[in-house]
Amino acid sequence: MTKKMCISYKEYGEYLNKFTDMLSQHVESPESLTGVYGPPRGGLPIATHISHYFNTNLIIDLMSYKNERSSILIVDDVCDSGNTFWYTNYLLKNMPNVHAIFSAMFIKPRSFGTLDLNEKYIDIIDDDVWIVFPWEKDKTPDKDYMEK
């Protein structure tokens, strides 16, 4: 049976700040970072935040990204099965001059081995947990959000 882990807007902001702090430890030289890509849907808001933090480009369409000798972050909300990161890595094989750093806020044990995330995540959640973000339909808005 799938368990739900409901995250409030406040908690999401806290996770996002932890994630950003963690990534800053893994990016050797932020000025050499040429962009951040977040697979739609869950990775896109995270990539937007991270691109502002590192003052770099937000990559909307990975396949049209043309930048010789670049270093990019690939970020997502949850690495569930690992398929999204695997496929993104597969697409990057056609871009041999692109160095990609993969990272997710949350990972599930079943995704281990798809890519080496090398501790570039905030938390490991059980395989049977479904994270419900505050903007998703099957959760009513948080009280702290409604009062704003």
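The values are calculated or read from the model by the stated rules, or taken from the named source; none is laboratory data. Quick caveat: nothing in here was measured; it's all calculated off a predicted structure. Cβ: placed from backbone, ideal geometry, glycine included. Neighbour counts: every protein chain shown.
Annotations for the structure displayed:
- Within region 61-82, the residues that satisfy the criterion of being outside any strand (DSSP E or B) and either modelled with pLDDT of 90 or more or touching a helix residue (DSSP H, G or I) at 6+ places or on another chain (Cβ under 7 Å) (or both) are Leu62, Met63, Asp80, Ser81, Gly82.
- Qualifying residue in region 89-100 (condition: buried (at least 18 other Cβ atoms within 10 Å of the Cβ), within 30 Å of Val129 (Cα to Cα) and at pLDDT 90 or above): no
- Here Trp135 clears all of (1) within 17 Å of the chain's Cα centre (by Cα); (2) over 29 Å from Lys66 (Cα atoms); (3) modelled with pLDDT under 65 except the condition numbered (3).
- Selected residue (only one of Ser81, Ser70, Ser64 is polar (S, T, N, Q), out of contact with any Ser or Thr (no Cβ under 8 Å at 6 or more places or on another chain) and farther than 20 Å from Asp21 by Cβ): Ser64
- Tally of residues being part of a helix (DSSP H, G or I) and not aliphatic (A, V, I, L, M) across region 23-53: 13
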